[in-house]
Amino acid sequence: MQKGPAIAIVEDDRFLREELACFFEAHQYQVHEANCMEGLFDILREYTLNLAILDLNLPGQSGFEIARNLRERIPDIGIIMLTARTRIDDRVKGYDVGADIYLTKPTAPRELLAAVTRLSRRNAELMDSQWVLDVRQFELMHKQLGLRIQLTAAETAILRSLALESTGILGLTDLLEQLKAQFPDRANTQRSIENTISRLRKKIADQVGDVEPKSLLRAHRNLGYQLAAKIKIIESK
């Protein structure tokens, strides 16, 4: 039977690592094991990984450092932190350095499997996405059409916020608050955001022509805005 996505389990407790490896192999995942960052990077030299499950208390570099390094090297990789640390400060730091999901031990195998399955589906969706937003270069690209559209910082921030909105539709008020936080020196208003989105929609439509739907950004009256297609985000160096 063909194996599913590839997972690296980075855990220095050998018993737990092997137990998790057997569990995910039974669910048709490709599993690689390591007990430290050096072991993980040995794996990366030979294999392509879709996800990593990281402990935090590891010999050498911590799970925090590994997550930051992974996120910079492989922006799309799914990262789950599985740790005994329960403090809110550790949770916040985990998300800050790149974790997608933070779980505390002991975690029921069914919950861990659900988290891995969700990240696997998300990554598969991103791989299918033709739109790519490079936050560093303020550039929106379409892989199939070969388009490269230069954006302003505000346009980039708007697209990024919409792409990360889990509910699909992002309200204008919420979008305004996000832009105020990112650009505190600018006089952001609902009207200025609407004007920016209008210019952005025209900029994309002029480039796309009739090949793709002209409106990548959909407006929902009294609700907010939504993307008409998934956008993959690149924001690490």
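The values are calculated or read from the model by the stated rules, or taken from the named source; none is laboratory data. From a predicted model like this one, the values you see are computed outputs, not experimental measurements. Methodologically, a virtual Cβ is constructed for each residue, glycine included, from the backbone with ideal geometry; neighbour enumeration extends over all protein chains shown. These area figures cover heavy atoms from the full protein model, side chains too; ligands, DNA and RNA do not enter into them. Shrake-Rupley method; radii C 1.70, N 1.55, O 1.52, S 1.80 Å.
Confirm whether Arg87 is basic (Lys, Arg) and in contact (Cβ under 8 Å) with a residue 24 or more places away in the chain. Before you say what the answer is, go through the steps one by one.
Numbers: basic (Lys, Arg): yes; in contact (Cβ under 8 Å) with a residue 24 or more places away in the chain: no.
Here the answer is no, as Arg87 does not meet what is asked.
Report yes if Leu119 is under 30 Å from Val31 (Cα atoms), in contact with a Leu (Cβ under 6 Å, 6 or more places away or on another chain) and open to solvent by less than 70 Å² (accessible area, probe 1.4 Å), otherwise no. Outline the logic, then answer.
On the way: under 30 Å from Val31 (Cα atoms): yes; in contact with a Leu (Cβ under 6 Å, 6 or more places away or on another chain): yes; open to solvent by less than 70 Å² (accessible area, probe 1.4 Å): yes.
Considered against the rule, which asks whether it is under 30 Å from Val31 (Cα atoms), in contact with a Leu (Cβ under 6 Å, 6 or more places away or on another chain) and open to solvent by less than 70 Å² (accessible area, probe 1.4 Å), Leu119 comes out as yes.
Suppose the filter is open to solvent by 40 Å² or more (accessible area, probe 1.4 Å), of a type in the set (Asp, Glu) and more than 18 Å from Thr104 (Cβ to Cβ); does Glu19 pass it? Working first, answer last.
Values: open to solvent by 40 Å² or more (accessible area, probe 1.4 Å): yes; of a type in the set (Asp, Glu): yes; more than 18 Å from Thr104 (Cβ to Cβ): no.
Answer is no for this residue.
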Residue match in region 62-70 (condition: modelled with pLDDT under 90 and β-branched (Val, Ile, Thr)): no
Count - residues of region 159-187 that are in a helix (DSSP H, G or I) and acidic (Asp, Glu): 2
Where a residue in region 3-25 is modelled with pLDDT of 90 or more and its partner, wherever it lies, is open to solvent by 70 Å² or more (accessible area, probe 1.4 Å) and part of a strand (DSSP E or B), with Cβ under 7 Å and at least six apart: Ile7/Gln30; Ile9/Glu33; Arg17/Glu33; Ala21/Glu33
Residue check, Leu145 modelled with pLDDT under 90, open to solvent by less than 60 Å² (accessible area, probe 1.4 Å) and assigned to a loop (DSSP other than H, G, I, E, B): yes
Pair list, Cβ < 8 Å and 6+ apart or interchain, from region 43-68 residues that are on the phi > 0 side of the Ramachandran plot to residues that are open to solvent by less than 60 Å² (accessible area, probe 1.4 Å): Gly60/Cys36; Gly60/Met37
Every residue from region 66-89 that is part of a helix (DSSP H, G or I) and buried (at least 18 other Cβ atoms within 10 Å of the Cβ): Ile66, Ala67, Arg68, Leu70, Arg71
